[in-house]
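Only one structure is covered here, and it is reproduced in the block below.
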Amino acid sequence: MDEVARVREKIDIASLISEYIPLKKAGRNFKAACPFHNEKSPSFVVSPERQIWHCFGCGKGGDCYTFLMEYENLEFFEALRILAKKAGIELSETDFVKKDTSKKEIIYSVNKIASDFYHYILTKHNAGKKALEYLTKERKIDPRLVETFQIGFSPNQGDILSKYLLEKKKYKIQDLTEAGLSFTRPGRTADFFRGRLMFPLFDHRDNIIAFSGRILQNSASESTSIQSGSKYVNTRDTLVYHKGSTFFGLNLAKEEIKKEERAIIVEGEFDVISCYSRGIKNVVAIKGTALTENQISLISRFSQKITLCLDQDEAGFEAIKRSLEGLEKKGLTTTVVDLGDYKDPDEAIIKDPIFFKNAVSHDIGAYDFLISNFLKKYNKEEAEGKKKITQNLLPFISLIDNEIIKEHYLKTLAKELDASLETLQKEMEKVGKKEPANVGFIGEKKDKRVRKEILEEYLLSLILQSEKAEDHFKMTDEKLSEYEFELPSYQKIFEYLKSYFKNNQNFNIKLFAKTLPKETIVVFDTCYILPLPKLREKNKYSEEIEKVIKELRIVDLKNKIKNIANNINKKEKNKEETKDLQSRLSSFLKILQSLTQASNNGASVVK
Ligand code: ZN
């Protein structure tokens with residue numbers, strides 16, 4: 001386990017995370033829009049000092065390992081292996097390491113061998129001859145692209161791949177079934193893919209996670225393979241593959257997408273390959289009906305602009321509509337390519353590559369596209385048509401976050417329908433108001449904690465991040481002498497601060513952190529990096545602490561008063577007890593009165 005700590009020590013969290021998301025300097029920390037939830041104002045904080053990250057929006061956080069595991073969806077061991085390599089530390093082959101050379105790794109390796117096998121059959125073996133002819137002659141695919149995309153062919157015999165993997169490559173039957181390459185029948189193991197063109201599906205880290213198998217003939221009835229009927233068959237969900245979580249071609253396209261600052265999204269493998277053959281390389285295929293949330297999240301890592309270039313049929317139009325909400329939520333710019341009379345990108349490229357290139361560079365805004373489509377679909381001269389058009393469009397326009405852009409489209413629509421902007425705005429209100437954004441410096445955090453707890457966190461943050469931590473701690477300690485914190489961890493941190501200042505004069509965060517019990521570290525780190533409002537003027541900072549203390553005392557007193565009042569009402573007591581309770585009650589009430597008299601605004605922590 002020592003290796004885990006050694007690797008952690010060598011990795012700088014800020015440079016690691018900045019390889020994945022852009023970080024901005026913010027005081028002694030870095031900030032970013034959180035990659036794990038949707039947000040517009042950044043609440044994801046990285047602390048080089050503490051070597052941690054934390055999102056104040058969704059609450060996720062941790063060290064270099066948890067970041068990588070979360071971001072790349074990895075097991076701990078995979079993250080360790082990647083980080084060890086980065087750190088230049090060779091891991092010893094302990095049992096711990098071996099045991100976890102996980103099932104995932106086995107699936108990647110068996111998929112790679114299967115892919116090589118299919119590719120060999122297609123390019124070198126007689127059994128693949130017909131398929132190769134189909135690809136190069138009928139689909140006009142350059143043989144070099146057969147290499148680039150590692151296309152293969154699965155022979156039509158029932159168990160040829162399974163046998164090869166079991167006998168020659170010494171895999172276990174379980175490995176094959178877990179990869180989705182084979183299935184078992186009593187007494188035998190059979191290949192899952194038969195008589196199909198094989199497209200390996202890579203993740204963006206170049207592991208083969210699944211396959212897509214396409215029948216050779218265009219009409220299913222001609223097919224003799226056992227899965228005849230469906231044109232495409234994909235690997236079932238496995239440990240490494242989940243439908244709708246990735247794109248075909250992303251491994252090859254990701255650098256080009258970054259460079260071009262846009263991702264072109266098409267439906268199928270042949271669309272990607274055709275685009276590639278014409279030098280358009282920032283293209284990936286959905287392999288499904290509409291973009292999933294996972295796919296949107298994944299593609300947004302590489303570009304903020306998405307161009308949908310889907311089939312020109314009703315299904316393609318539906319896919320655009322269904323994808324748009326997720327894209328808008330993620331704050332991505334979406335455009336659409338109009339392919340005119342061609343049914344899909346592949347056909348357009350083969351028949352008229354110049355037209356296609358033109359269409360791609362003259363992509364239109366997704367909302368313009370929708371407006372023009374609905375205007376074509378319904379008659380805008382008739383009342384019923386106008387109603388249909390607005391009913392269909394307003395839900396989309398209401399999604400637009402930017403008010404200026406929203407108004408732009410409403411005006412466009414108003415002009416087309418010969419209606420007033422106000423009427424359309426009224427109609428749109430019926431569509432349903434969006435959740436208002438939660439303003440406040442903590443950002444979009446949806447805080448379900450009680451105010452007492454939020455204030456305590458804020459107070460500790462103010463002390464821990466103070467340039468005069470000792471003064472501010474002592475001031476607090478004096479005023480909150482009998483105070484009890486809501487969270488045991490806060491109470492503990494406060495007590496450890498007390499003993500720290502008994503023994504030390506200068507506040508050193510590293511030294512202090514070392515004194516803390518393990519279970520409080522995460523809470524402590526969170527306080528230490530909690531973004532604070534700008535209070536750097538010296539007296540403002542102390543003033544803010546005083547405000548928080550005062551509010552906490554009020555909350556505390558109110559709770560105490562409530563408890564005593566309940567107690568008095570509850571049960572029969574002797575005179576002494578009642579008298580005692582009553583005198584405590586009146587003294588608390590007096591303090592409360594004095595505290596609340598001087599009307600003062602609360603602390604600037606979330607209202
Ligand atoms: Zn988050």
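The values are calculated or read from the model by the stated rules, or taken from the named source; none is laboratory data. This is a predicted model, so every value here is computed, not measured. Don't worry about glycine lacking a Cβ; one is built from the backbone with ideal geometry, like all the others, and counts go over all protein chains shown.
Can you confirm whether Phe117 is aromatic (Phe, Trp, Tyr), under 30 Å from Ile521 (Cα atoms) and in a helix (DSSP H, G or I)? Talk me through it step by step, then tell me what you get.
Working: aromatic (Phe, Trp, Tyr): yes; under 30 Å from Ile521 (Cα atoms): no; in a helix (DSSP H, G or I): yes.
Judged against the criteria, Phe117 is not a match.
Would you point out the residue of region 34-55, among those that are within 7 Å of the ligand (Cβ to nearest atom) and in a loop (DSSP other than H, G, I, E, B), that is farthest from Arg8 (Cα to Cα)?
For region 34-55, the residue satisfying everything is Glu39.
I'm trying to understand the selection: among the residues of region 343-367, which are free of Cβ contacts under 8 Å to residues at least 40 places away in the same chain, outside any loop (DSSP other than H, G, I, E, B) and surrounded by fewer than 19 Cβ atoms within 10 Å (Cβ to Cβ)?
Answer for region 343-367, where residues must be free of Cβ contacts under 8 Å to residues at least 40 places away in the same chain, outside any loop (DSSP other than H, G, I, E, B) and surrounded by fewer than 19 Cβ atoms within 10 Å (Cβ to Cβ): Glu347, Lys351, Ile354, Phe355, Asn358, Ser361, Ile364, Gly365.
Val146: of a type in the set (Val, Ile, Thr), in contact (Cβ under 8 Å) with a residue 24 or more places away in the chain and within 16 Å of the ligand (Cβ to nearest atom), yes or no?
Working: of a type in the set (Val, Ile, Thr): yes; in contact (Cβ under 8 Å) with a residue 24 or more places away in the chain: yes; within 16 Å of the ligand (Cβ to nearest atom): no.
Considered against the rule, which asks whether it is of a type in the set (Val, Ile, Thr), in contact (Cβ under 8 Å) with a residue 24 or more places away in the chain and within 16 Å of the ligand (Cβ to nearest atom), Val146 comes out as no.
List every residue pair whose Cβ atoms sit under 7 Å apart, with the two residues 6 or more apart in sequence or on different chains, where the first one lies in region 501-520 and is free of Cβ contacts under 8 Å to residues at least 60 places away in the same chain and the second, anywhere, is among the acidic types (Asp, Glu).
Phe501/Glu470; Phe507/Glu470
Do you know which residues across region 1-22 are more than 15 Å from the ligand (Cβ to nearest atom) and touching a residue at least 24 places away in the same chain (Cβ under 8 Å)?
Scanning region 1-22 gives Met1, Glu3, Val4, Arg6, Val7, Arg8, Lys10, Ile11, Asp12, Ile13, Ala14, Leu16.
Please indicate, with yes or no, whether at least one residue in region 550-562 is within 29 Å of Cys55 (Cβ to Cβ), surrounded by fewer than 18 Cβ atoms within 10 Å (Cβ to Cβ) and free of Cβ contacts under 8 Å to residues at least 24 places away in the same chain.
no
Quick check on this structure: which one of Lys386, Lys406 is in contact with a helix residue (DSSP H, G or I) (Cβ under 9 Å, 6 or more places away or on another chain) and more than 24 Å from Val337 (Cα to Cα)?
Answer to the selection: Lys386.
To keep it simple, each residue is scored yes or no on (1) outside any strand (DSSP E or B); (2) under 28 Å from the mean Cα position of the chain (by Cα); (3) at pLDDT 90 or above.
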{"site": "Thr189", "(1), (2), (3)": "no, no, yes"}
{"site": "Gly229", "(1), (2), (3)": "yes, no, no"}
{"site": "Thr246", "(1), (2), (3)": "yes, yes, yes"}
{"site": "Ser274", "(1), (2), (3)": "yes, no, yes"}
{"site": "Ile296", "(1), (2), (3)": "yes, yes, yes"}
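Picking from Lys124, Lys85, which residue would you name as being surrounded by fewer than 16 Cβ atoms within 10 Å (Cβ to Cβ), within 18 Å of Gln150 (Cα to Cα) and of a type in the set (D, E, K, R)?
Lys124
I need the full set of residues from region 56-69 which are near the ligand (Cβ under 10 Å from one of its atoms) and either touching a Ser or Thr at 6+ places or on another chain (Cβ under 6 Å) or farther than 21 Å from Lys518 by Cα (or both), in order please.
Phe56, Gly57, Cys58
Any chance region 40-61 includes a residue that's farther than 22 Å from Ser297 by Cα, of a type in the set (Val, Ile, Thr) and surrounded by 14 or more Cβ atoms within 10 Å (Cβ to Cβ)?
Taking every residue of region 40-61 in turn, at least one turns out to be farther than 22 Å from Ser297 by Cα, of a type in the set (Val, Ile, Thr) and surrounded by 14 or more Cβ atoms within 10 Å (Cβ to Cβ).
Cβ-Cβ under 6 Å, sequence separation 6+ or interchain: first residue in region 155-176 and under 16 Å from Ile106 (Cβ atoms), partner assigned to a loop (DSSP other than H, G, I, E, B) and not hydrophobic (A, V, I, L, M, F, W, C). Which pairs?
Within 6 Å, the pairs are Leu165/Tyr171.
Select from region 56-92 the residues that are small (Gly, Ala, Ser) and touching a helix residue (DSSP H, G or I) at 6+ places or on another chain (Cβ under 8 Å) and write down the one among them that is farthest from Ile11 (Cα to Cα). Outline the logic, then answer.
First, pick out the residues of region 56-92 that are small (Gly, Ala, Ser): 57, 59, 61-62, 79, 84, 87-88, 92.
Applying the additional criterion that residues be touching a helix residue (DSSP H, G or I) at 6+ places or on another chain (Cβ under 8 Å) yields 61-62, 79, 84, 87-88, 92.
Numbers: Gly61: 17, Gly62: 14, Ala79: 12, Ala84: 9, Ala87: 6, Gly88: 10, Ser92: 18 Å.
Among residues in region 56-92 that are small (Gly, Ala, Ser) and touching a helix residue (DSSP H, G or I) at 6+ places or on another chain (Cβ under 8 Å), the one farthest from Ile11 (Cα to Cα) is Ser92.
Sort out which residues of region 520-537 are part of a helix (DSSP H, G or I) and in contact with a Lys or Arg (Cβ under 8 Å, 6 or more places away or on another chain), and write them in order of number.
Passing the criteria: Thr520, Asp525, Tyr528, Ile529.
Take Lys25 and tell me if it is surrounded by fewer than 19 Cβ atoms within 10 Å (Cβ to Cβ), under 17 Å from Arg205 (Cα atoms), more than 16 Å from the ligand (Cβ to nearest atom) and not β-branched (Val, Ile, Thr). Break it down into steps so the answer makes sense when it comes.
Values: surrounded by fewer than 19 Cβ atoms within 10 Å (Cβ to Cβ): yes; under 17 Å from Arg205 (Cα atoms): no; more than 16 Å from the ligand (Cβ to nearest atom): yes; not β-branched (Val, Ile, Thr): yes.
Taking the combined requirement at face value, the residue does not satisfy it.
Restricting to region 384-410, and then to whatever is assigned to a helix (DSSP H, G or I) and acidic (Asp, Glu), can you tell me which residue is surrounded by the most Cβ atoms within 10 Å (Cβ to Cβ)? So that I can check it myself, show each step before the final result.
Filtering region 384-410 down to residues assigned to a helix (DSSP H, G or I) leaves 384-397, 403-410.
Restricting the remaining residues to those that are acidic (Asp, Glu) gives 384, 403, 407.
Working: Glu384: 9, Glu403: 8, Glu407: 16.
Taking the candidates together, the pick is Glu407.
Only one of Val266, Val240 is in contact (Cβ under 8 Å) with a residue 12 or more places away in the chain, buried (at least 19 other Cβ atoms within 10 Å of the Cβ), in contact with a helix residue (DSSP H, G or I) (Cβ under 9 Å, 6 or more places away or on another chain) and over 26 Å from Ile107 (Cβ atoms); which?
Val266
Every residue in region 415-474 that is at pLDDT 85 or above and in a loop (DSSP other than H, G, I, E, B), please.
Correct list: Asp418, Ala419, Ser420, Gln465, Ser466, Glu467, Lys468.
For region 194-216, what are the residues that are more than 30 Å from Tyr71 (Cα to Cα), without any contact (Cβ under 8 Å) to a residue 60 or more places away in the chain and in a loop (DSSP other than H, G, I, E, B)?
Arg194, Gly195
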